[in-house]
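Student: If you scroll down you'll find the structure; I have some questions about it.
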Amino acid sequence: MSRLVMKFGGTSVADLDRIRNVARHVKREVEAGHQVSVVVSAMAGKTNELVAYCENISPLYDAREYDVVVASGEQVTSGLLAMTLQEMGIPARSWQGWQVPVKTDGMHGAARIMDIPPDNLVSALDRGMVNVIAGFQGIGPDGRITTLGRGGSDTSAVAVAAALGARCDIYTDVDGVYTTDPRIVSKARRIERISYEEMLELASLGAKVLQTRSVELAMVHKVPLRVRSSFDDPDSPFQVTEDGRGPGTLVCDEDEIMEQQVVSGIAYSRDEAQVAIRRVKDKPGVSASIFGPLADAGISVDMIVQNVSADGVFANLTFTVARKDLPRALKVLEENREQIGYEEIASADNVAKVSIVGIGMRSHAGVAAKMFRTLAEKGINIEAITTSEIKVSVLIDEAYLELALRALHSAYGLDAA
Ligand code: ASP
Ligand code: MG
């Protein structure tokens, strides 16, 4: 009998009717002969509410108690779903993270899963039970409840699937992964299959459909991951087949993808701010004097561009930080002005980052050039560029973001027919 992990996000369990709908999806898979384990999130909005309680008590709350509070949202939905399944005649039981156990490290609030001994879950499956596991939670080395960071129940689901040797279906409120945001580009298409590497880039670039860590974990353990909608009719005959077809998007090994596009997806982020430092001395140690204090202040820097003046004496440095970090970044640079020795600082927070992602870039030349040409034809100026093996990101004026996305989507042949 094949094992299946089904994960349902917050909007999928937002109220009792939605939970009943989830139970029908589970019932279908049980009747299809799978051994099913379910991982649930808290009801939509619940975790935000719980986080707000903690912050209200003290901005310096004890992270161990924070975990106790925020883990409770998943405790509720796991119990409710187990009850609903029982009501439908399906043997089921709930599991809290500590009961499984989902063993994590001790980083309260952002813990990493270290190990999930599968024995308890397996013996319940062998007795014909559906396991309903509270996502997002685990138990730390101190024996206390931990949570995995926001969006962490995706990671719970993949980790459980890896432990059980199961495939993993992530049910959410969209019907898959799209070539870009369909709210901006109406011709965006659902992607049938995407490689782990590409999904990892898209997730870390801001496509919110999967927590980045969950994709990493799926890639390492080769867990086939499917993103699909819980709003689809649970009784629809269109379901996953042996050869991996079906609703939603399959995230899998690149070898399993026949028709590989050069560019698979285009991501964007408005959460960007740009800092330009003018006329610093072009000598060893200058970058360290800038980025060291920023790192010490916990500010992470993304894109970095340096250009040196013709006489080779001075350099200009441009880099980006998350928008919320801009005021702090400017303060740190001001405090270190003597040390760094710059003439002037300019900043802007009306910038956005656009990234093209595709493993086809490894073997095709001219992919980046096409991006630059396409933007140039639209009169869009590029402020900064970064690349990796399968990604090119550019920083542009936020006012042109939508235009850039549409133009690039067409240029790479991604538009729906
Ligand atoms: N409920 C948690 C959150 O909102 C975990 C999750 O839903 O993935 O972050
Ligand atoms: Mg989520």
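Student: Here are 111, 163, 157: which of them is over 22 Å from residue 208 (Cα atoms), among the hydrophobic types (A, V, I, L, M, F, W, C) and either assigned to a helix (DSSP H, G or I) or within 15 Å of ligand 1 (Cβ to nearest atom) (or both)?
Tutor: 163
Student: Let me ask another. From the list 209, 262, 240, exactly one residue is crowded, with 19+ Cβ neighbours inside 10 Å, at pLDDT below 95 and away from ligand 2 (no atom under 16 Å from the Cβ). Which is it?
Tutor: 240
Student: If you don't mind, there's one more thing I want to ask. Tell me which residues, restricted to the range 7-52, are outside any strand (DSSP E or B), away from ligand 2 (no atom under 16 Å from the Cβ) and crowded, with 18+ Cβ neighbours inside 10 Å.
Tutor: Residues satisfying the conditions are 19, 21, 23, 25, 26, 27, 29, 30, 34.
Student: Then there's this: Which residue out of 169, 154 is farther than 12 Å from residue 36 by Cα, in contact with a strand residue (DSSP E or B) (Cβ under 8 Å, 6 or more places away or on another chain) and touching a residue at least 24 places away in the same chain (Cβ under 8 Å)?
Tutor: Only one candidate passes the filter, namely 154.
Student: For the range 47-82, how many residues meet the condition of being touching a His at 6+ places or on another chain (Cβ under 9 Å) and in contact (Cβ under 8 Å) with a residue 12 or more places away in the chain?
Tutor: Result for the range 47-82: 4.
Student: For residues that are among the charged types (D, E, K, R) and near ligand 2 (Cβ under 10 Å from one of its atoms), scanning just the range 150-172, find the one that is surrounded by the most Cβ atoms within 10 Å (Cβ to Cβ).
Tutor: 154
Student: Scanning for something in a helix (DSSP H, G or I) and either in contact (Cβ under 8 Å) with a residue 40 or more places away in the chain or within 24 Å of the chain's Cα centre (by Cα) (or both), does the range 298-315 turn up at least one residue?
Tutor: No, the range 298-315 has no match at all.
Student: Based on this model, can you work out whether residue 89 counts as within 16 Å of ligand 2 (Cβ to nearest atom), outside any strand (DSSP E or B), modelled with pLDDT of 95 or more and surrounded by fewer than 24 Cβ atoms within 10 Å (Cβ to Cβ)?
Tutor: No: the conditions fail for residue 89.
Student: Please enumerate the residues belonging to the range 1-54 that are near ligand 1 (Cβ under 9 Å from one of its atoms), of a type in the set (Val, Ile, Thr) and farther than 14 Å from residue 135 by Cα.
Tutor: Correct list: 51 only.
Student: What residue, of 97, 73, 79, is at pLDDT 95 or above and not in a helix (DSSP H, G or I)?
Tutor: The conditions single out 97.
Student: OK, next. Being crowded, with 22+ Cβ neighbours inside 10 Å and among the aliphatic types (A, V, I, L, M) is the filter; apply it to the range 177-199 and report the residue that is farthest from ligand 2 (Cβ to nearest atom).
Tutor: 185
Student: Hey, another quick one. Taking the stated definitions as given, is residue 132 within 22 Å of residue 30 (Cα to Cα) and within 14 Å of ligand 2 (Cβ to nearest atom)?
Tutor: no
Student: When you scan the range 169-203, how many residues do you find that are within 16 Å of ligand 1 (Cβ to nearest atom) and either polar (S, T, N, Q) or modelled with pLDDT of 95 or more (or both)?
Tutor: Result for the range 169-203: 4.
Student: Tell me which of these residue 61 doesn't satisfy, since it passes every other one: (1) more than 14 Å from ligand 1 (Cβ to nearest atom); (2) aromatic (Phe, Trp, Tyr); (3) closer than 20 Å to residue 232 by Cα.
Tutor: Tallying (1) more than 14 Å from ligand 1 (Cβ to nearest atom); (2) aromatic (Phe, Trp, Tyr); (3) closer than 20 Å to residue 232 by Cα, residue 61 fails exactly one: (3).
Student: Would you mind telling me which numbered condition in (1) under 28 Å from residue 35 (Cβ atoms); (2) among the hydrophobic types (A, V, I, L, M, F, W, C); (3) not in a loop (DSSP other than H, G, I, E, B) residue 202 fails?
Tutor: Failed condition: (1).
The values are calculated or read from the model by the stated rules, or taken from the named source; none is laboratory data. Given the structure is predicted, the values throughout are model-derived calculations rather than measurements. Virtual Cβ from ideal backbone geometry, glycine too; neighbours counted across all protein chains shown.
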